[in-house]
Amino acid sequence: MGFQGKVALVTGGANGLGRATAARLIGQGASVVLADIEAETGEAAANDLGADFIQTDVTVPEASHAAVDFTLEKHGKLDLAFLNAGIVTGSGLIEHFDLDGYRRAMGVNLDGVVFGLNAVVPAMRENGSGSIIATSSLAGLAPTPYDPVYCANKHAVQAICRSMGPLLFEEGITLNALCPGFAETRIVDGIKEGLDEAGIPLIKVEKVVDGVMELFEADFAGEAFMVQAGMEPQIFKFRRVPGPRAEEG
Ligand SMILES: NC(=O)c1ccc[n+]([C@@H]2O[C@H](COP(=O)([O-])OP(=O)(O)OC[C@H]3O[C@@H](n4cnc5c(N)ncnc54)[C@H](O)[C@@H]3O)[C@@H](O)[C@H]2O)c1
């Protein structure tokens, strides 16, 4: 019961990685609020798991704040946040450019994390501690020619975590980016055959959740944490460019 007494908010918690993480957290003693745009699936998941649910569109700043307020009303504090809601784009940049699809994907995958941070950090400051994970992707670390918009917003998510992680760490809050490869959720339904033909293995959802749980307990921040088939979850090693802080030290 490693998370006994902890309170967690999970966006995109109605399905896939969010739901599976919520189940694991609850199994280890945490209280969990699921926040998701899908009301019916979210309510059902909350009932199944013994969680609370609030319908939330993470592209709307007020909705992220409402989800945090709801969590505080229900449970009095916020210890853990999994900013995980996400969609794939299916939009090219030149051919097949879909302006609405582009804005939607940037809204969910990037704004959702920005507005999520804006809402959860003050609540964690009240607490004096906290742990935040934002879901990026391996597409946040490598080029993704078949979905450049997804690649761009997932790069932005890990960049935000690397930028803000060290500062929040000084306040007792950890912030890291989760970067999974292709995992067995509905998000890969349309490309499963292609992945199989290309010999790209899918990651079990529970393996990704192992990585999430490790990150919740991390004593580091500002890292991109890779979860890929055939290797242990691990920090991705960027070549660090010395900045002003490094020169000061
Ligand atoms: N499955 C993979 O292969 C994979 C790999 C790398 C990263 N990811 C990322 O993991 C995260 C979870 O994805 P998943 O694979 O579990 O897919 P999923 O579709 O099962 O779950 C995503 C959840 O986000 C919710 N959501 C979508 N738009 C929302 C909005 N505007 N507001 C609130 N909730 C919204 C959906 O309703 C859904 O419940 C996403 O950020 C995704 O980009 C997934």
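Here is how the numbers come out for the structure above:
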read-out	value
Over the chain: helical MRE at 222 nm, DSSP H runs n ≥ 4 each giving -39500 (n - 2.57), nearest 500	-13500 deg cm²/dmol
Separation between Cα centres of the stretch 100-127 and the stretch 128-199, rounded to whole Å	14 Å
Under the span-like rule (Cα at least 24 Å along the axis, Kyte-Doolittle mean at least -1.0), DSSP H helices of the chain	148-169
Equivalent-ellipsoid semi-axes of the chain, from the Cα gyration tensor, Å, largest first	26, 23, 18
Top of Pro145, Pro61, Pro180 by mean-square fluctuation, Gaussian network on the chain, Cα under 10 Å	Pro145
Listed residue pairs exceeding 27 Å between alpha carbons, taken from Lys154/Lys237; Lys154/Lys192; Lys74/Lys154	Lys74/Lys154
GluC sites (Glu not before Pro) restricted to the stretch 62-138 and DSSP loop, no more than 11 other C-beta within 10 Å	Glu95
Phi-based couplings in Hz for the stretch 172-178 (Karplus 6.51, -1.76, 1.60; Gly and Pro marked x)	x, 10, 9, 9, 9, 9, 8
Length-normalised contact order of the chain in % [C-alpha pairs under 8 Å, at least 6 apart]	16 percent
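Bear in mind these aren't lab numbers, they're just calculated from the coordinates by the rules spelled out. Predicted, not measured: the structure shown is a model, and the values here were computed from it. In this analysis, Cβ positions are derived from the backbone assuming ideal geometry, glycine residues included, and neighbour counts consider all displayed protein chains.
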